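The values are calculated or read from the model by the stated rules, or taken from the named source; none is laboratory data. Note that the structure is a prediction, hence the values are computed from the model and not measured. Every residue, glycine as well, gets a Cβ built from its backbone with ideal geometry; the counts of neighbours run over all protein chains shown. Just so you know, the surface numbers come from the protein's heavy atoms only, side chains and all, with ligands and any DNA or RNA stripped out. Shrake-Rupley method; radii C 1.70, N 1.55, O 1.52, S 1.80 Å.
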Amino acid sequence: MFRTACQEQLLPGETLQQKWEFAQAAGYDAIELRGKGDFHFRERLPELRRALADGVVMPTVCVDMLHFIGAFDEEMRRDAVEQMKSQLSVIGELGGTGAQTPASYGMFSRRLPPFQPPRSEDEDREVLLTGLTELGEHARREGVTLFLEPLNRYEDHMVNRLEQAVELIREVGLDSVRVGIDSYHMNIEESDPPAAILAAAPYIGHAQVSDSNRFQPGAGHLDWPAWLGALDGAGYTGHLALECRLTGDAAAAVESVPPFLARAAA
């Protein structure tokens, strides 16, 4: 049986304690936090410490920023790295496991005009290896993990498939950098998602879930028994973190996910 988490913005309630009460009643085991830029996540530390003292389980944070470690602009890259260091430190203080980030988001796609990015593939790789190494070393010192998330080709031109993330992580050579998989992006990019999971098994550190249409699991056409079966076969022991849009009644949609995933995994 997989453990489930729900991202905080999807849960009703004004406080993390109220959100946690709803999440537990709905069958979730944890809340996945969202980390905004401008060191906003660090500024939430008093709130997060109170929630932790009240028993809220918060193992991971997913970045919610405007630029990332693969940005074309050097100053923006530097800022993204510092933001991620801060988020890794905060989640470490909370006793969590790590932080998830893409290489970039919405910066460029080779699938849309003008088709040719302003930086070569070799330059992309150098930028990512530099950032991942610095963040991986910081994560190791903090006792947590950086999760690199491949995004689909329309949202990121650098890391789209699990094998691409694994190749970078192998070169970085740090156990504190792992792949953060996302079922929605995999549905677009992987020709055989279960096979991709099994091939990347030793490097998978985190998993986010939504269906083929980006709504909650069960609202699309993703083959959940096969996807979850592969993840189980890969030996994954982390959470399945719900990151999606919601269709229908929002609270009912959130409540539907843990029993749906349990049935699909059975």
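Within the stretch 188-224, being open to solvent by 50 Å² or more (accessible area, probe 1.4 Å) and closer than 25 Å to residue 251 by Cα holds for 213, 215, 221, 223.
Checked against (1) over 16 Å from residue 29 (Cβ atoms); (2) among the polar types (S, T, N, Q); (3) within 18 Å of the chain's Cα centre (by Cα), residue 237 passes all but condition (1).
Pairs linking a residue in the stretch 1-19 that is within 14 Å of residue 56 (Cβ to Cβ) to a residue that is open to solvent by 60 Å² or more (accessible area, probe 1.4 Å) and among the acidic types (Asp, Glu), with Cβ atoms under 6 Å and 6 or more positions apart or on different chains, are 17/54.
Candidates 123, 93, 82: the one that is charged (D, E, K, R), open to solvent by 10 Å² or more (accessible area, probe 1.4 Å) and under 21 Å from residue 175 (Cβ atoms) is 93. Scanning the stretch 124-157 for residues that are out of contact with any Lys or Arg (no Cβ under 8 Å at 6 or more places or on another chain) and not in a helix (DSSP H, G or I) gives 143, 144, 149, 151, 152, 155, 156. I need a count of the residues in the stretch 97-116 that are open to solvent by less than 50 Å² (accessible area, probe 1.4 Å), part of a loop (DSSP other than H, G, I, E, B) and under 20 Å from residue 43 (Cα atoms). Adding up the residues that qualify gives 0. Looking at the stretch 1-96, the strands (runs of 3 or more DSSP E) lying wholly inside it that each contain 3 or more residues that are within 17 Å of residue 148 (Cα to Cα) sit at 30-36, 60-64.
Considering only the stretch 236-249, state which residues are out of contact with any Phe, Trp or Tyr (no Cβ under 7 Å at 6 or more places or on another chain) and either acidic (Asp, Glu) or open to solvent by less than 50 Å² (accessible area, probe 1.4 Å) (or both). Passing the criteria: 236, 238, 239, 241, 242, 243, 249. The numbered conditions (1) among the hydroxyl-bearing types (Ser, Thr, Tyr); (2) within 17 Å of the chain's Cα centre (by Cα); (3) open to solvent by less than 50 Å² (accessible area, probe 1.4 Å) are all true for residue 133 except (2).
Exactly one residue among 237, 247 is among the hydroxyl-bearing types (Ser, Thr, Tyr), modelled with pLDDT of 95 or more and more than 26 Å from residue 133 (Cα to Cα), and that residue is 247.
Evaluate the following for residue 143: is it surrounded by 20 or more Cβ atoms within 10 Å (Cβ to Cβ) and small (Gly, Ala, Ser)? Quick ask: steps written out before the conclusion?
Values: surrounded by 20 or more Cβ atoms within 10 Å (Cβ to Cβ): no; small (Gly, Ala, Ser): yes.
Spelling it out, it is not the case that residue 143 is surrounded by 20 or more Cβ atoms within 10 Å (Cβ to Cβ) and small (Gly, Ala, Ser).
Close contacts from the stretch 24-53, counting a first residue that is touching a residue at least 24 places away in the same chain (Cβ under 8 Å) and under 13 Å from residue 86 (Cβ atoms) and a second that is open to solvent by 60 Å² or more (accessible area, probe 1.4 Å) and in a loop (DSSP other than H, G, I, E, B), with Cβ to Cβ under 8 Å and a gap of 6+ residues or different chains, come to 37/66. Does residue 68 count as within 30 Å of residue 109 (Cα to Cα), open to solvent by less than 50 Å² (accessible area, probe 1.4 Å) and either more than 18 Å from the chain's Cα centre (by Cα) or not acidic (Asp, Glu) (or both)? Yes.
Confirm whether residue 180 is of a type outside the set (A, V, I, L, M, F, W, C), under 18 Å from residue 62 (Cβ atoms), under 15 Å from the mean Cα position of the chain (by Cα) and buried (at least 20 other Cβ atoms within 10 Å of the Cβ). So residue 180 passes the test.
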